[in-house]
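Below: one structure, written as structure tokens.
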Amino acid sequence: MNKFLITLATLVAFALSGAAYAEMKISGLHQHFVGAGDDADGGVTHQFTRFTMATDTTLDNGWTAGGAFTIQVAATAGSFALPSSNSMYVATDNFTVNIGATADAVTSLVPRVAAMIPGAGTDAGYQFAFDGGLLGTHSVQFSEAYYAWNSHRIDVDLPTINGFSVGASFTPALDMNNADATSRVQPDRSDNHGETTHVAVSYSGEMDGISYTIGVGSINGNAKGSLGGSTAAETNNDLAAVTGAIRLNMGNLSLGAHAYDNGDSFGAAGDADKASDQGYNLAATYAMGNITVGVGYAHQEMVRGTRGQSLATTLTSAAANNVREDTITMVSVGYNMGGGVNSWVMLSSNDHSDGDHATTEVDPQVLVMGISLGF
């Protein structure tokens, strides 16, 4: 019996050693940052420290296939590891198919203006690790609905032709992402919309020494789940969001503008006071060798709506129809130290309002400094 087991183990070992494998590439990002400010608790933490294993290979028919797996250590909840946290792709001459926990078409093709300045502006959310006073947020801060959520999906991208790029994604269950449990059992109450489609198009070109990228996208999905299959589930509004951005590069100077409107996607059809959610981001950077300076301005506003206000756990004296707003002005400086090491310092001046003059909000200034090692 022992001889049989040894012989079987030897055969398996030879079989595995003779198998063909694609070459693996390893990369990662290790970072730490420190924050301090008035009306904010400071400290040292991290947010996007990650380790990625990726590979690609050529199939017998000439197509390309590959995949990536990312392990992320996050000190704050809601940190996502995109664009390829746990996914694979097959690229043909006519299109590329991505499947798994990967970026949606809107996240991929619409220019990320909120991430332009050193410290990634509002996109990385470093200042929000110390300022928890946001009042105008649905889903994510200062961006379209569910931006950068790596729910398991199928994404199809067409080849870029004459500067045009087109992509579309289908997400069967938007709430199945790495910020939540990955159980396939739908809870009685879900805070997220379910089946979702993303469609986006971008155009990149150059004119008179100015290179530019313009991107627009649409996000649509079914209503948020509520109380299982009861009639209450019929009262929620479907997801319907639009977004667009433009980024210009003129030598060392870069400018960007981004706007989004999620409409009443996070409200209920029977609301007397309708829900709403929209905002915009503006940014400019100037590169001087290893040093980059940047300024940014971001604004978001949200109305809870009648039902949203009744379910809210953070009630104030503000009424359901009050416009809740967040505005952030940022100034930052980044320094590329070489060898994959980058450092930056960003000052954010934050202003919050629940739309009620009787409420006194905390509006902190937050200074964040960070250093990262990429490999």
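The values are calculated or read from the model by the stated rules, or taken from the named source; none is laboratory data. Since the model is a prediction, treat every value here as computed from it, not as a measurement. Please note: Cβ atoms are built from the backbone with ideal geometry, for glycine as well, and neighbour counts cover all protein chains shown.
Ala22 - would you say it is surrounded by fewer than 12 Cβ atoms within 10 Å (Cβ to Cβ) and either in a helix (DSSP H, G or I) or modelled with pLDDT under 85 (or both)? When the stated conditions are applied, Ala22 does not pass them.
Inclusion of Tyr286 among residues that are surrounded by fewer than 17 Cβ atoms within 10 Å (Cβ to Cβ), among the aromatic types (Phe, Trp, Tyr) and more than 15 Å from Asp354 (Cα to Cα) is warranted. From the set of residues in region 90-104 that are of a type in the set (Val, Ile, Thr) and either loosely packed, with under 15 Cβ neighbours inside 10 Å or touching a Lys or Arg at 6+ places or on another chain (Cβ under 9 Å) (or both), which is modelled with the highest pLDDT? Checking each candidate, the answer is Val97. Checking the stated criteria, Asp326 turns out to be within 22 Å of the chain's Cα centre (by Cα), crowded, with 19+ Cβ neighbours inside 10 Å and among the charged types (D, E, K, R). Among the listed residues Ala245, Ala283, Ala287, Ala259, identify the single one that is small (Gly, Ala, Ser), without any contact (Cβ under 8 Å) to a residue 24 or more places away in the chain and closer than 19 Å to Tyr212 by Cα. It is Ala259.
Can we say Ala298 is in contact with a Phe, Trp or Tyr (Cβ under 7 Å, 6 or more places away or on another chain), at pLDDT 95 or above and buried (at least 17 other Cβ atoms within 10 Å of the Cβ)? Criteria met by Ala298. Of all residues in region 122-144, those satisfying the criterion of being more than 22 Å from Ser265 (Cα to Cα) and more than 14 Å from the chain's Cα centre (by Cα) are Gln127, Phe128, Ala129, Phe130, Asp131, Gly132, Gly133.
I'd like the residue in region 247-264 that is in a strand (DSSP E or B) and surrounded by fewer than 19 Cβ atoms within 10 Å (Cβ to Cβ) and, out of all such residues, is farthest from the chain's Cα centre (by Cα). In this case the residue turns out to be Met250. Going by the conditions given, is Gly370 in contact (Cβ under 8 Å) with a residue 24 or more places away in the chain, under 21 Å from Asn237 (Cβ atoms) and among the small types (Gly, Ala, Ser)? It is false that Gly370 is in contact (Cβ under 8 Å) with a residue 24 or more places away in the chain, under 21 Å from Asn237 (Cβ atoms) and among the small types (Gly, Ala, Ser).
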